[in-house]
1. Considering every residue within segment 142-150, establish whether at least one is surrounded by 14 or more Cβ atoms within 10 Å (Cβ to Cβ) and in contact (Cβ under 8 Å) with a residue 40 or more places away in the chain.
2. When the residues of segment 189-207 are filtered to those that are open to solvent by 70 Å² or more (accessible area, probe 1.4 Å) and of a type in the set (Lys, Arg), which remaining residue is nearest to Arg166 (Cα to Cα)?
3. Can you tell me which residues in segment 60-107 are open to solvent by less than 50 Å² (accessible area, probe 1.4 Å), closer than 30 Å to Thr211 by Cα and either modelled with pLDDT of 90 or more or under 25 Å from the mean Cα position of the chain (by Cα) (or both)?
Amino acid sequence: YGDQLWTLAGTVRGSSSAGDRAASNTLVLWIGLFLAVSTAFAVRKSELGRQRAVSLERANATIEEQFVSLNDANERLEEKALHLTAVQQRLSRAAQEKRRVLDSLSAFLIGVDCDGFVVEWNQVSCEVFGLGADEAVGRTFTELEIPWDKGAVDDAITEARAGNRRVLRDLFTVARRDKHDVSEPLLVSFTVNPTQERGRKGFAIIGADVTERQMLQVQLHASRKLESVGTLAAGIAHEINTPMQFV
């Protein structure tokens, strides 16, 4: 195109010195603009990097604080776990001791909660009624196959719960079966004791096998009768002997 020159501005100039200076100024302007944009981008990137570093430091500090807090919470939980384990062991020992005490009683004990389920059944109950604890505990009292007068027992329980007082029943016959499946009638005497749980009523039956005591009382009564007859016979013999001695 001869002596014409296309500048960066996109205009056609001549090849004079003024055109060269304009082209140089335009080039410098573009370079300066590029440097300014680059500098601004670098500054912005540096600022974002600094903000990110600050955020990371804060997050790291927060994580460290949470770690310390979690570590403290873990130590407290371990202490509570040890305490609960100790409490559980004490409760277990207390339950075992309670069971030993109840099994050492000479009376039978039947505990029934407010929902009608058997919660206590000691060793004497097993021996008197022929039912093991695993057969009785956890079942409702009404479904237990106890060989006694259920109607009379239910009346005593109703009376005790209604009046909130102890009710004594004496000389109930229990047809217990021994290991040879032979029916062995027993006489039992028991008391129905009302209990309460959150305003709801349960009961406990405490009693004993009085068969041997009753037999001893019968024998004692018979002995007293024989003693009375002997005394009467001795008196009669004395009265008969006295006139004979006089004669």
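1. Yes, there is a match, as at least one residue in segment 142-150 is surrounded by 14 or more Cβ atoms within 10 Å (Cβ to Cβ) and in contact (Cβ under 8 Å) with a residue 40 or more places away in the chain.
2. Looking at the filtered set, the residue picked out is Arg200.
3. Passing the criteria: only Leu102.
The values are calculated or read from the model by the stated rules, or taken from the named source; none is laboratory data. Predicted model only: the values in this text are computed from it and were never measured. Virtual Cβ from ideal backbone geometry, glycine too; neighbours counted across all protein chains shown. Quick note on the areas: whole protein, heavy atoms, side chains included, nothing else; ligands and nucleic acids left out. Shrake-Rupley method; radii C 1.70, N 1.55, O 1.52, S 1.80 Å.
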